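What follows is a single structure, written as C-alpha cells, with notes after it.
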Amino acid sequence: MQDRIEKEILIEAPLEVVWRVVTQPAHIECWFSDSAEFDLRPGAEGTLTWGDKATTSPTTVRLKIEEVDELRYFAFRWDYLEHEQAVETNSLLVEFSLTPEGPNTRLRLVESGFAALERPDADKERYIEHHTQGWAAHIVRLTGCAVKERGRSPVR
Amino acid sequence: MSGRIVAEEELWAAVGEPTRRRLLDRLLTEGEATATRLAAGLPVTRQAVTKHLLVLDRVGLVESRRRGREVRYAVRPDRLDLATRSMRRVAADWDRRLQAIKQIAEQAHRSAITETEERR
C-alpha cells in the first residue's frame, strides 16, 4: 500500500509548451478543474472550482502555490478549508517536474501527504467528491484547449 | 451513492497512516495477533497499537475476537481490497489528467509547426 502517487509521461512537445499547459490557469481549466484562479508565484493563494455554475452549486477548492521554478518545477498544496492555512495535515502536495528529453519533455507528477491528512468527518464527503471527478466533461473540452494554446508562440 | 464514497474515504484515511499499514502487513503475515504481540515488532507502545487497531476496527479493516482474557485481531480481506481500490482510483484520475496535458501540449506543438511550415 502506498501513501503517495507518482506518475510520469513523455510528451512530444518542448518544455515551454508543457510548462504553460501545466501552470497557466487557462490550461488548467482544460485538464483539471472547470475554473482556476491564481497568480503563478510562491505563496499565492487561489481557487479551483468544479461544477456547472449555472445548474449546480459549484465546489470550490483552495490551493496555495508552494514553489515555481520556471520550466522545471511547479508545486502547490490544495484542498484545505476556507479558514485554514495550508499545512501538511490539511492538504495534499502536488508536484510537477519537467525534464527535456531531446525535443520532447518528460513530465513527472507526485501527489503526497495522504498519510498526514487529518480531516473532520463532515469534510470527507466533499473531499472525495472532487478527488474522483468524472472525466467525461474534461474530454469534451480538450480540443478547444489546444486551440487556445495555438495562438501563442510555442518557442520563445 | 455518497454513502459508499464516504465509507471508502474513511478506509482510505485509515490505511494512509504508516503505523497502521505496518500493522495490517503484520496481521496479513501472521493471520491473527494480539495488540501486545503486534507492539513487540514495532517501535510504538502497546497503547498506541491498540489505538491504531481501534481505528482499523471502526472502518472494518480488522475484526477482533475475544479469547479468554485476550483480544485477537485479524484482517478483513474484502475491506482491505476496497481501500486499495480507492487509492488506485485517485491514481487513475492523475493518469487521465496527465494524458490530457500530453494531448493539449502535443496538439498545440503540432499546429505551431504546421503554421511555421505554411509561412515558408
Inset, instruction - Looking for whichever is more than 8 Å from chain B (Cβ to nearest Cβ), assigned to a loop (DSSP other than H, G, I, E, B) and modelled with pLDDT under 75 here; the options are A:Leu117, A:Leu81, A:Leu71. Which one fits? - result: A:Leu81
Legend entry - Matching residues in the stretch A:1-36 - criterion: being facing chain B (nearest Cβ under 9 Å) and of a type in the set (Val, Ile, Thr): A:Ile5, A:Ile9, A:Ile11, A:Val17, A:Val18, A:Val21, A:Val22
Legend entry - Members of the stretch B:10-24 that are modelled with pLDDT of 75 or more and facing another protein chain (nearest Cβ under 7 Å): B:Val15, B:Glu17, B:Pro18, B:Arg21
Inset, instruction - Give the residue that is nearest to B:Lys102 (Cα to Cα), with candidates limited to residues of the stretch A:84-114 that are among the β-branched types (Val, Ile, Thr) and within 12 Å of another protein chain (Cβ to nearest Cβ). - result: A:Thr105
Legend entry - Answer from A:Arg77, A:Arg4, A:Arg108, A:Arg20 - the residue that is of a type in the set (D, E, K, R) and farther than 26 Å from B:Pro18 by Cβ: A:Arg20
Inset, instruction - Sort out which residues of the stretch B:86-97 are at pLDDT 70 or above and more than 7 Å from chain A (Cβ to nearest Cβ), and write them in order of number. - result: B:Arg88, B:Ala92
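The values are calculated or read from the model by the stated rules, or taken from the named source; none is laboratory data. Here the structure is a predicted model, which means the values were calculated and not measured. FYI the Cβ positions are ideal-geometry reconstructions off the backbone, even for glycines, and counts take in every protein chain you see.
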